[in-house]
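Step one of this worksheet: look at the structure below.
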Amino acid sequence: MTKSRVAVLISGRGSNMLALLKAARQPAYPAEIALVLSNRPQAHGLELARSAGVTTCALDHTPYGGNREQFERAMQAAIERHSINLICLAGFMRLLTPWFVQQWDGRMLNIHPALLPAFKGINTHTRALAAGVKIHGATVHFVTAEMDSGPIVAQGAVAVREEDDAETLAARVLDVEHRIYPLSLQLVASGRVRMADGRCLVDGVTAPGAALIVPELRGKMSENR
Ligand code: GRF
């Protein structure tokens, strides 16, 4: 098996990056994390990646001022040096230009802390609580020019509890993030995800749920049947 070479792009904590790294340590996993790149040299995630023995690259965006594309060209060059096949954005806090998105069309994933298409953008947990939704979660999707809008690979859902605040809800969502990102990368890297009319279909699956993780509800739903 030829493994896909993955670059994980981060800006901060790096917990999703670690989840991907952990999954990729399994011999049968179809992808390897060949590079962790951060636009913030002080990102905690870079430290974690270094301690795990992964190749890292700190590429500070600030010297580029407002010139996003020039920064991205430097990033592209760094990524190309490592023969990367797929990019996983994992808390990468830079808006990407259409140029960069085009370079990685169909080969770049992002994780968003909400059940898209609900709650695009920032402060998703606070907004979900304010809206009174009963179910919330996270989404892994392909990156397209429009933010938080590309084809959905997998989702993870959690029940919203009445006593939740943004922090407690974020913590439970983060748990499902750490499950759906490795699952999504596995599906994509193994070539099982097919695009049809702007939607992702998972090959070889007839039962529903191959790209859905609902840890809290699983037991309760079957109780109600
Ligand atoms: C996650 O909540 C992810 O969904 C969002 O940014 C956060 C990154 O967290 N895009 P971490 O750096 O992976 O811990």
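The values are calculated or read from the model by the stated rules, or taken from the named source; none is laboratory data. Keep in mind the model is a prediction, meaning the values are calculated, not measured. A quick note on method: Cβ atoms are made from the backbone with ideal geometry, for glycine too, and the neighbour counts reach across all protein chains shown. Calculation scope for accessible area: heavy atoms of the full protein, side chains included, ligands and nucleic acids excluded. Shrake-Rupley method; radii C 1.70, N 1.55, O 1.52, S 1.80 Å.
Since PHE71 meets every condition but one in (1) buried (at least 21 other Cβ atoms within 10 Å of the Cβ); (2) away from the ligand (no atom under 15 Å from the Cβ); (3) part of a strand (DSSP E or B); (4) not basic (Lys, Arg), which condition does it not meet?
(3) is the only condition that PHE71 fails.
Under the condition of being in a strand (DSSP E or B) and of a type outside the set (S, T, N, Q), which residue from the stretch 74-115 is farthest from the ligand (Cβ to nearest atom)? Can you show your working first?
Step one: list which residues in the stretch 74-115 are in a strand (DSSP E or B), which gives 86-89, 108-112.
Applying the additional criterion that residues be of a type outside the set (S, T, N, Q) yields 86-89, 108-109, 111-112.
On the way: LEU86: 17, ILE87: 14, CYS88: 10, LEU89: 7, MET108: 13, LEU109: 11, ILE111: 4, HIS112: 6 Å.
The residue in question is LEU86.
Please state which one of MET147, MET195 is surrounded by fewer than 21 Cβ atoms within 10 Å (Cβ to Cβ) and outside any strand (DSSP E or B).
Details: MET195 fails: outside any strand (DSSP E or B).
Answer to the selection: MET147.
The rows are residues; the columns are (1) touching an Asp or Glu at 6+ places or on another chain (Cβ under 6 Å); (2) acidic (Asp, Glu); (3) touching a residue at least 60 places away in the same chain (Cβ under 8 Å); (4) within 12 Å of the ligand (Cβ to nearest atom).
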| position | (1), (2), (3), (4) |
| --- | --- |
| ILE152 | no, no, no, no |
| ALA157 | no, no, yes, no |
| VAL160 | no, no, no, no |
| ASP165 | no, yes, no, no |
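Somewhere in the stretch 174-181, is a residue touching a Cys at 6+ places or on another chain (Cβ under 9 Å) and open to solvent by less than 10 Å² (accessible area, probe 1.4 Å)?
yes
In this structure, is LEU20 open to solvent by 10 Å² or more (accessible area, probe 1.4 Å), within 16 Å of the ligand (Cβ to nearest atom), aliphatic (A, V, I, L, M) and part of a helix (DSSP H, G or I)? Break it down stepwise before answering.
On the way: open to solvent by 10 Å² or more (accessible area, probe 1.4 Å): no; within 16 Å of the ligand (Cβ to nearest atom): yes; aliphatic (A, V, I, L, M): yes; part of a helix (DSSP H, G or I): yes.
Against the criterion (open to solvent by 10 Å² or more (accessible area, probe 1.4 Å), within 16 Å of the ligand (Cβ to nearest atom), aliphatic (A, V, I, L, M) and part of a helix (DSSP H, G or I)), LEU20 does not qualify.
Being touching a residue at least 12 places away in the same chain (Cβ under 8 Å), within 22 Å of LEU18 (Cβ to Cβ) and of a type outside the set (D, E, K, R) is the requirement here; does ALA189 meet it?
On the way: touching a residue at least 12 places away in the same chain (Cβ under 8 Å): yes; within 22 Å of LEU18 (Cβ to Cβ): yes; of a type outside the set (D, E, K, R): yes.
Here the answer is yes, as ALA189 does meet what is asked.
Matching residues to (1) open to solvent by 20 Å² or more (accessible area, probe 1.4 Å); (2) in the same structural domain as ALA7 (by TED's automatic domain parsing); (3) among the acidic types (Asp, Glu):
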residue: GLY91; (1), (2), (3): yes, yes, no
residue: PHE100; (1), (2), (3): no, yes, no
residue: LYS120; (1), (2), (3): yes, no, no
residue: LEU129; (1), (2), (3): yes, no, no
residue: LYS134; (1), (2), (3): yes, no, no
residue: ALA138; (1), (2), (3): no, no, no
residue: ASP165; (1), (2), (3): yes, no, yes
